[in-house]
Structure formats: C-alpha cells, structure tokens
Amino acid sequence: MPAQEAIDLTNDTRESAHGLKTGTRTQRLKNAYLDSKPAICMERALAFTRSYKQTEGQATPVRLAKAFRLACETITLNIFDDELVVGTHGSGRRMGALVPEISWQWLAKELDTIQTRPRDPYYIDPEQERLFVEEIIPYWKGKSIEENALAQFPADTLKIGVNTDILDTEMKWRSHVGEITPDFQDIIFPKGYRAICDEAKEKLKTLDYTNVDDLAKIDYYQAAIEACEGIIALGQRYALHAEELALKEPDPARKKELEAIAANCRRVPEFSPRNFWEAAQMLWFVMLGCFLSENCPAFNIGRFDMYMNPFYQADLKTDTINQEFAQEIINCVWIKIAELIWLLPQNGSRYYAGYSGFTNLSVGGRNIDGSDAVNDISFMAVEATAQVALPQPSLSVIIHPDTPEEFLLACCALSRKGIGFPAFHNDRVGTQMMMYAGLRPDDAREWTLLGCVVPHHRKVYEWTDAGGYNMAAALEWTLNQGRSRLSGEQMGLPTKNPREFASFEELKETFFKQVDHIMKHCAVSTVIEHRLHRKMVHRPYLSLLVEGCMESGKDLVDGGARYNVGPGWIVVGAADCANGLAAIKKNVFEEKNITMDQLIKALDDDFIGHEEIQQLLKNSPKFGNDDDYVDRLQVEMTDYNDKGLSRYKDTLGNPFHSAIMGLTYNIPTGSVVGALPCGRKATQPLAEGCSPHPGTDTSGPTAAMRSEAKVNHELHPGGTLLNLKLLPSAIEGQRGLAGMANLIRSYFELGGYHCQFNVISPETLRDAQKNPDNYRDMVVRVAGYCALFNDLSEQVQNEIIRRTTHESL
Amino acid sequence: MKNIVIEIQRWSVADGPGTRTVVFLKGCPLHCPWCANPESQDRLPQIGIFPSRCVACHACERECPEEVAIPAKDGAYSDGICIQCGQCIKVCHASARDWLGEEMSATELVQVIKKDMVFYRNSSGGVTFSGGEPLTQPDFLKAAIQECQKLGIHTAIETCGFFRWEAVEETVRRADFVLFDIKHMDDETHKALTGVGNKTILQNARSIAQLDIPMVIRVPVIPSLNDSRENIAATAKFVADHLPGVLGIELLPYHKLGLSKYDALGLDYKLHHINSPDDATVGMLRDLITAEGVPCITADSGYDPQPIPPKLKVVG
C-alpha cells in the first residue's frame, strides 16, 4: 500500500529529461536553496485583506480563521524538483510573509530601502509592491497591533521603550507570538484535522446562543472549524497539483515520486498519517499552517525523534522503508525548515540577523516515564544536520546522565564540524525550569526546546520572548544620575551624584533601582500588548495544536492551553554590569586605586587620555574565569532578573519570568551605552546572554563553565545560554571528542543549562569575509542560533571572530 | 615548601589521560632551542615584556628606582641594568610588564588544581606536572602529588629525564603516570642540541620502566634536527628493547607558538628557519615506530592505559 514501495530507494543520481542530475538529492536541494534569494510575499496579506473585507462585523476569531482559510485556498502551490516533502507558505522558496493585522507601517516606510538595506535585504516583486500600496495599506490603516500598541503606550514607556535599544518592546507589536510546539503526539498524528474538525462540530452542538457563557465558545469552535477546513484544503490542493505534475513528468522515477507525494497529500493533513513519509508530510503541513497564520521568530518542531520513531520502526518491520530513504525524507524536511523566513523591519534585523527565525527541533532527553528517549531517529536527526548543514532547523539535544555515550559522541562529532549545532541542553535543569514555570514533574520531563534555548512544552502557552532590555543602561544611569552618557538625555531615575555614594552597597542599591525602573516599563508594554492580542489577534489555527483549547472552547490567547506561563523578558549585558560593579568595588571602594571622580571623567571621555584607568579596569576580575569576586555579582544580577520581573503579572494572572539568552541583542544594545567601568569603550557590544563578555574569559572552558554554573539557571525559565568557541586543534581525534563530551557532562553535573561550541578557526572566518563565495554554506553561531555566515553583516561577522577563542596547545 | 609556578593551564586533553590541568613549574636543566616555554628554563621569576598590551602611560618610567624602565612599546629598557625589583610591574595596569612565575606552596597549588575535580572524575583525568622540569624540585613535587592523591586526583609527571635517579625516585614512584621525553638517541647530537648528553636520560628511562607506572615516551619532531628516519627508528628500538611496559611513543610535531614568549623575555629565537613537519612526514615516522612493535600515541588512540603485550611485537 504505502506509495514509496514502488520507488527505487537508493538511486539518487538519476538522469532525467531535464539533463544529467549530479550529486545526491540532498545536495541538489541544498544548492537550489542557496541559489534562491529571500523575498517578500504578499499572497497571505492579500488573502487576509480580501477576507477581512468580506467579514466585517463578524467575531474576530472567526474572521481570522476565515482569512486563514482563504490563504490556504489561494496561496501559490510549489513542488520543486527532487522534493519528497512539499509545500511553501509563500509564492516561492524563501519568502517572508507580511502580516498586516500585526504590523505593516514599517514596510510602507522601508519600501525604498528593503531591497538594499545592509542587513538581511529582501527582494520585492513590483506587482506585489503595487498590491501592497494600493490594496493592503488602505484597508489596514489603524487596524494593526502596531498602531494600537503605540497609541496605547503611556508617554514614558514610549520614550524609553520604542527604538531606543534600551527596551526592545517591539517583539510583540511587530511580530506574531508564534512560540508554540504543535502537539504531534497527542493531537495531530492520532487525529488528523478531519477528526479535529468533527470534534469542534460536536462541541458546537452542545452550546446555546442564549447562554452568555457559551458565546465566546461558539466563536471559538466556529473558528476552529474554519481553520481545519483551511489546512485540509491546502493538502487537497497539493494532492491535485502533484497529480498534475506526475502526469506531465517524463522521468519515470520522478513520476513515481510525484504520484506518491500526491497520495500522501490526499491522506494528510486531513487524516492520520499511516507511515513515516506521510508523517513527515503531515508535519510539514502543520508547520505551513503555522507560518500561514503567523510571521514570528519561533515555531517549534518539538521532540522529533519521540513522535517519528514509531512510524519508522513500523515501516522497517513491514519492509516498506529503509534507512537510506528515511534519511532522505528527513533531509528533505530539514531543507524545508531552512526555507522558512521571519520577515523583519530594519530595526528588528539589527537584533536578529540572518533571515531565519528559530525553528527548533529537539532530540534525546527522557520520556514521560523517565526512561532515556534516544532512538534511531535521534541519530538520523544528527546525521541530517551534518548532511544538510544549513542554519535551520536549530538542532537541540537534551542530555541526561543516562544518555547513551555513543549518542553524545555523535553530537560532539557534529559540533566539531564547526556548524554550531547541536545546542546541548541539560535535562535536569530544563526540567527544573519547567517545574518553576508550573508544570507537573512528569510533563516537565518531556520538555523540549523552543526558539534558541527556551525550555518549553507542547501543552504550554506563553510569550517566551516578550522583549529584551539593556541592563548596562541601568549601570550607566547609576553613574550618571539617570542620564544617557552618549546623548545626555534623562532616561532613567534622577538618582544622586555618584561621587556621593558612601559605600559600594549604596551604589549597588541605586543600580537595582534603575533596573526596577526599566522592568516597570517592560511590564507596562507587555500588559498592553497582551490585552491587544486577546482582543485583536486570536489564534484559531494554532489553538488546534495545543491541548486544552478544544476541551475548554478557549483560544490560546484567552488561556485555553493546559498550562499558561507568564511572559519572559530577556536581560542583556548582565556580565558587563557584574564586571563593572566588580571593577568599581575593587578600585574605587576597596583598594582605592582611583576616585569615583576619576572614574566618571574617564567614562565621560571614553577613556581617551585615561588609558591607565582603562587598563586598570580591564584587568580587574571578569566573569567567566572562575573567580568568585565577580562571579557572585553575576549571580546577583541574574537572580535579580527573576526577582524583579516576577513581581509583575500578565492579563491571565501569570507572573513574568526571566530569560538570559541573547541572540544578537548585545550589538544594538551596546551601541547606545557609553564607556563602562569594566573597561569597555562606548558603543561596543555587550555580553551576550549569560555568557562572559567577549574575550574576557581567558582561563579556558572549564573555568568559564564553572563560572557559568554558579548562575541559578533554574530561576530562568526563559532560558540561559553559554557559547564557547573552540579551535579545532584543541579537540583533535578521539580524545578531543571525548574531551568535548566530558566538558558537557561535567558542566551539566555542575548545574549548567545550555552550551554550544563554535569550532572554527578565526583565520577561516577572516578568509570567509574576504572570499564569501567560497563559504556559501558556512554556518556559524550567532548567540544561540545559527545563520549563514554570508547572510550576516560585517559587524556581526567581526563579533563572531572576536569572541574568546579557547585554544589548547 | 614553595616552588615557582609559571602557569596553571586548565582543560587539556593532550597531556595525559582524560581532561587534565597542566602545571608548568619553573627551571630546566636542558636548553632546547625549540622550547615552546622559554620562560620555564630559568629557576627564578622573570619580568616578561608584552609590547602589544602597552598603552605607553610611562608609569614604569616614572616609578623605576634604577631609571632603566621605559614603555614596553618603546623597547622596555633604556641603557642601564634592571635589578628585577618588580616595581614597574606593580604600576603597570596594562600588564605589559608582568612576572613570569609565581611562588606557590604545594597546598596553594592543589587548591587551584582541585577546582576542575568534576572534569577529572568524568574523564578519568587529573593533573600533569610539567615545566620546565618538575623533578628539579622533587620534594615539592612529592608533596603536591601526595595532596592530590589524598583527594583522589590522578597525577602525571612530564619529564625531560635529566636528573639524579636517587634524588627523585621516591617522587616518581608516587606518580600515577609518566610522560618521558627522549629528544635524540645520539649522545653527541643530544648534547649539541640540548646542552646535555643522553646517557643519564636513557638510564633514567630504564629505571622508571622498572616501576609499575604507565609511561609514554614523547619525542618532539624537529625537522632537520632529530626527525631522521634513523633517529626515530633508533628511539623506537630502544623503547622496544629496553622499556618494557611502555604504553607507546607520542610524536610532538614542532610548532612556533612559543615565539612571542621569546620576544617577551628579550631572547633570541634560533629556529626561525624551521617549519612544522607536515602530516605525511609525521605519518611516515609513526610507521617506523609501529614497525618496531611500539604503538603510537595519537589524538585518536588517546593514552590507552593497556600495556603492550610482548607477543604483539614484530621482530626484525
């Protein structure tokens, strides 16, 4: 029965009517990917606009679902050569979708520069541009989340929180939320959308318009039905398209593949997948639905090995698949994931370089019963990343004490190739973070990664990244009576003249007051956005994918999920504050090497003419060298991010929480901060995430890890990250591999949460800057996620090169 | 009891089994021109000069009691004699002048070593005492080894082999692992290269091989100086014939990474003309070694703790 039966599973260098094909299927698909240029697609925006015009006056969730359905029914269909898993969410390969219900103004302003901007430029077709200007803009004026949020923010929040690089509030008014993990295990695979749709219809029958409590539920279920019909239609359209292509296909081998693809799309996503290939195609349709719903940084694949392995084992038993073909299918899924694009305005692209969002995919870890979860697919996922070697998916592995050594070594071998993956995560700490977020211990065990390093679970609704804030600004304000050192503008609290601080303790208390001031505006902006999302952008399709919504008749935004977790805010520059405070404590208050006045003058002058003082500060203790003098301050900084934020609650009553990841946040945030008492000059990047400041962890990886493990990671359910750079020479041979594995196991034993290795020589990176064509496929780490090196701006490239190189000779 | 420690390098996977901390102690009886740690040769702390760190603040110049110090960028010293008082180091915030070598007691040293305990435990690693020649201070080394072993830390000694056996025997017996250098098999050449002959060294290797301590022979591969086929084969043959139980030979290809240290000390580097051997040459030399029935220790083999079974040796 399964369609792949008839296909020659091993022949991947077929000759077709189009000419001789060279290389493996994976290589050919990858080359096609690399040849494609990112572009903006308006098809989804047009569908939403046209549908919205038809549904004026109807309930918002229903309108959103009908718009989604129209997008599914009208979006261009693409089946590219060699593909085994098909479907795109735009009119071409790497297409970012404009989402006018969230934000469109930025594109209206940036239309002239979007194709030429220095970071992440996009092509836009002239016809698409015309439709945007003539049809989309006129309809959406005043109707976007962006316009509403900016209109509702109080003046002081606007001043500190919009385009300042002190508070990045735009994450949830410029992008959708995303940030869910479709529940393949318990909902999607066992049911299929037809059954889900029927379930909604059954629920609807029990409700009554005369019952006030039922009204919102009626909206919810009606929207659910529309959303199901939409995604089912998309599958059926692809089936038809594949059948048509198969009829025309002259190459008999490809013809058979197309027929199989057509059969797959007839089956899924409407019904449950029956074999591995169908499951892979189903997974892809589910993700397409996510990206047709929302333009956002992070949708999550979840525990891929856990839910795909049963299909694989069953197919092996019936001899309907072999390992090679299954690997090809996985590779095809990987390339599809790499195609996904998160469309960002100029400002956002400064924070998140590299086009891709963060489509995380986790393998390893434990099962819900506590047993080890590594299986054949875990290894094949690692192999897929090795073979495909593109910036997405973000491959995460979850390691626990009983993780098989051969799996850990396979992961280390992949990491050593220098593509930055996988991200290694500590099962124990991830589980603790989830329990702190409110999960039952058994559910917590089945956690997965989301975004770059966020612990998550498929039964959870949260805003993992409500925004990021610049902690170094608080230190600057403490030493400058609340004024920016660069602009002179009063941004923080007008605290006392720093020359009058009687003690280090008094200075530190003042610093935390400045942090509180920032946190308050974090909370204000998020609560306003939270309320707007509940009013304007329900999530009918995504609510189908998370347990609890169908049962309760409540959308995700209204707390329908089984677990609701408060919003996470990312702190940036914690290590710069710890280092700066340590330098002040040592040199001003304890050893009295310099006076506060001398320090302030040196900072005002950006150390020009004060080189001695700068050196004194630079050579003061730095976080990342296993020195308690400064490491304890880093713990204080990070603990405070939990303590300060958790005082606030979102509109569902859930406390805010702390995240200490980084992305490329550290570059723009650094650009607005003057010289700092750690010896860093004005406008230079800050420390990323929870990591030491670049170049200051000079005592080797064990010292950096011991420092990092002092942080109380379980207090930060938004994730923490440690990036370490290793030169290949340090980890040669089997003993080098074992050395890496030991670093990971030991770091996790000490209580660390995440680590990732950048195993590339600085020379290679410099050469790549000079000869980008030779490095088209080089993937490098940018703070917790990966991007094509060539996609990054020169500044980000230089940042990568500058990070500490742990060289062991 | 104190000794001069140059550096404590945490996280090495290439200086003995597992993950190790390498302690570089000061003082060496040999003077090899390829030495990558020239600061390790002298027994006493020295002032190192690092021009690239210098910000030309002239603090050293102002504070020098002998009026000889000038900024490292400008050459570090004017005419006159430095009495190594270290005043300039105290005032140099940029660390452009810094002590090479710090006096530490065995207890202080072990406080640092034990920090990476969890990394040793998870990798069957430990500490390697290197240098310089760690056995120039056998009593200090013995004390340090004993303190480590009390905590369950595996200890290794890396030695050039030039010492009076009676003076060090008790210390060596305590060690868990030995990395023993043999630079050349010809006595005269050895003397010309390192300043001392090899008779004592080879005899000491025999003495250690009598003990029940895993030992690896390390041979630096210095093109044109000791990399001839004859010398490598002779080394392997010596190991095969006279050092029963040795785990194998580890070739250490020459590199110039110590060059900046020569600059820091104001020393001349004599091997500018020599380049690192290529992989093919090193591979060929390894083949000569295995042809003698002696295993090669490589990045892939690791420090396999299994002794070589005599029956596996190829005769002839």
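Every number in this text was worked out from the coordinates using simple rules, so none of it is lab data. Worth saying up front: this structure is predicted, and the values here are computed from it rather than measured. Note that each Cβ is placed from the backbone with ideal geometry, even for glycine, and that neighbours are counted across all protein chains shown.
If you add up the charges near B:CYS88, with Lys and Arg at +1 and Asp and Glu at -1, over every other residue whose beta carbon is less than 15 angstrom from its beta carbon, what do you get?
Details: positive: B:ARG53, B:ARG62, B:LYS73, B:LYS90, B:ARG97; negative: A:GLU612, B:GLU61, B:GLU63, B:GLU66, B:GLU67, B:ASP74, B:ASP98.
My count for the surroundings of B:CYS88 gives -2.
When the Cα convex hull of region B:1-143 is projected onto planes of every orientation, the mean area is 10.1 nm². With N as its number of residues, the protein assembly as shown has a Cα radius of gyration that, divided by 2.2 N^0.38 Å, comes to 1.01.
Taking the convex hull of the alpha carbon atoms in region B:51-100, what volume per residue do you get, in Å³?
Values: hull volume 3.3 nm³, N = 50.
Taking the convex hull of the Cα positions in region B:51-100, it is 67 Å³ per residue.
Placing unit charges on the Cβ atoms of the charged side chains and taking the dipole of region B:51-100 about its Cα centre, the candidate lying farthest along the positive direction among B:CYS85, B:VAL68, B:LEU100 is B:LEU100.
A simple rule links phi to the HN-Hα coupling: the Karplus curve 6.51 cos²θ - 1.76 cosθ + 1.60 with θ = phi - 60°, which for region B:149-158 gives 5, 4, 8, x, 8, 5, 10, 10, 10, 9 Hz, with x for Gly and Pro. Charge dipole (Cα centre; +1 on Lys/Arg Cβ, -1 on Asp/Glu Cβ; no other charges) of region B:51-100 amounts to roughly 240 debye.
Taking the empirical scaling 2.2 N^0.38 Å for compact globular proteins as reference, region A:538-580 has a Cα radius of gyration ratio of 1.86. Measuring how big chain B is from its alpha-carbon positions, Rg and Dmax come out at 20.8, 70 Å. Taking other C-beta atoms within 10 angstrom as a stand-in for reagent exposure, A:ILE600, B:ILE297, A:ILE608 fall in the order A:ILE608, A:ILE600, B:ILE297, fewest first. Helix content alone sets the calculated 222 nm mean residue ellipticity of chain A: runs of n ≥ 4 DSSP H residues at -39500 (n - 2.57) each, divided across all residues, give -14500 deg cm²/dmol. Could you tell me which residue out of A:GLN105, A:LEU84, A:TYR123 lies farthest along the dipole of region A:61-164 toward its positive end? Charges go on the beta carbon: Lys and Arg +1, Asp and Glu -1, centred on the Cα centre. Toward the positive end, the furthest listed residue is A:GLN105.
In summary, the lysines within cross-link reach of B:LYS237, defined as a Cα separation below 19 angstrom excluding same-chain residues under 8 places away, comprise B:LYS183, B:LYS199, B:LYS311, B:LYS313.
Note on A:LEU215/A:ALA108: beta-carbon distance plugged into 1/(1 + (r/R0)^6) with R0 of 41 Å gives a FRET efficiency of 0.70. Under the simplified labelling scheme, the B:ASP74-A:GLN323 pair shows an inter-label distance of 6.9 nm, with each label point 7 Å from Cα along Cα→Cβ.
For B:GLY126, the amide hydrogen comes within under 5 Å of the amide hydrogens of B:THR19, B:ARG20, B:THR21, counting only partners 5 or more places away or on other chains and with H modelled in the peptide plane.
Enumerate by residue number the trypsin sites (Lys or Arg not before Pro) in region B:39-97 meeting two conditions: DSSP loop (anything except H, G, I, E, B), and at most 11 other Cβ atoms within 10 Å of the site's Cβ.
Details: sites: B:ARG43, B:ARG53, B:ARG62, B:LYS73, B:LYS90, B:ARG97; in loops: B:ARG43.
Counting only loop positions with at most 11 other Cβ atoms within 10 Å, none of the trypsin sites (Lys or Arg not before Pro) in region B:39-97 qualifies.
Using a 10 Å cut-off around each Cβ of peptide A:473-480, what is the average number of partner chain Cβ atoms that fall inside? Please list the in-between numbers first.
Numbers: counts 0, 0, 0, 0, 0, 0, 0, 0.
Counting Cβ atoms of other protein chains within 10 Å of each residue's Cβ and averaging gives 0.
Rounded to the nearest angstrom and listed largest first, the equivalent-ellipsoid semi-axes of region A:476-609 from its Cα gyration tensor are 46, 15, 12. Remark on region B:164-316: hydrodynamic radius 16.5 angstrom, per the Kirkwood mean of 1/r across alpha carbon pairs. The chymotrypsin sites (Phe, Trp or Tyr not before Pro) of region A:472-520 include none that meets both conditions, a loop assignment by DSSP and at most 10 other Cβ atoms within 10 Å of the site Cβ.
Which of the GluC sites (Glu not before Pro) across region A:202-290 are loop residues per DSSP, with 16 or fewer other Cβ within 10 Å?
Nothing satisfies the criteria.
The charge dipole of the protein assembly as shown, taken about its Cα centre with unit charges on the Cβ atoms of Lys, Arg (+1), Asp and Glu (-1) only, comes to about 840 debye. Look at B:VAL282, A:VAL133, A:VAL286 and count the other Cβ atoms within 10 Å of each Cβ; fewest to most, that gives A:VAL133, B:VAL282, A:VAL286. Evaluating 6.51 cos²θ - 1.76 cosθ + 1.60 at θ = phi - 60° for every residue in region B:217-226, the Karplus couplings come out as 8, 10, 10, x, 9, 10, x, 6, 9, 9 Hz, glycine and proline recorded as x.
Projecting the Cα positions of A:SER293, A:LEU721, A:SER484 onto the charge dipole of chain A (unit charges on Cβ atoms of Lys, Arg, Asp and Glu, taken about the Cα centre) puts A:SER484 furthest along the positive direction. Just to confirm a number: summing +1 for Lys and Arg and -1 for Asp and Glu over residues other than A:ASP376 whose beta-carbon lies under 12 angstrom from that of A:ASP376, what do you get? The answer is -3. Checking the cross-link pairs A:LYS710/B:LYS261; A:LYS53/A:LYS459; A:LYS725/B:LYS142; A:LYS622/B:LYS142; A:LYS520/A:LYS710; A:LYS496/A:LYS585 against a 29 Å limit on the alpha carbon distance flags A:LYS710/B:LYS261; A:LYS53/A:LYS459; A:LYS725/B:LYS142; A:LYS622/B:LYS142 as lying beyond it. Give the value in nm², to one decimal: projected area of the alpha carbon convex hull of region A:55-161, averaged over all directions. So the mean shadow area of the Cα hull is 9.9 nm².
For chain B, the Cβ-based charge dipole about the Cα centre amounts to some 600 debye (Lys, Arg positive; Asp, Glu negative; other atoms uncharged). Note that region A:424-435 has calculated 3J(HN,Hα) couplings of 8, 10, 8, 4, 4, 6, x, 5, 5, 4, 5, 5 Hz, one per residue in order, obtained from phi through the Karplus relation 6.51 cos²θ - 1.76 cosθ + 1.60 (θ = phi - 60°); glycine and proline are x.
Between beta-carbons, use under 10 Å as the cut-off and find the net charge around A:GLY566, counting Lys and Arg +1, Asp and Glu -1.
Details: positive: A:LYS649; negative: A:GLU462, A:ASP650.
Neighbour charge sum, excluding A:GLY566 itself: -1.
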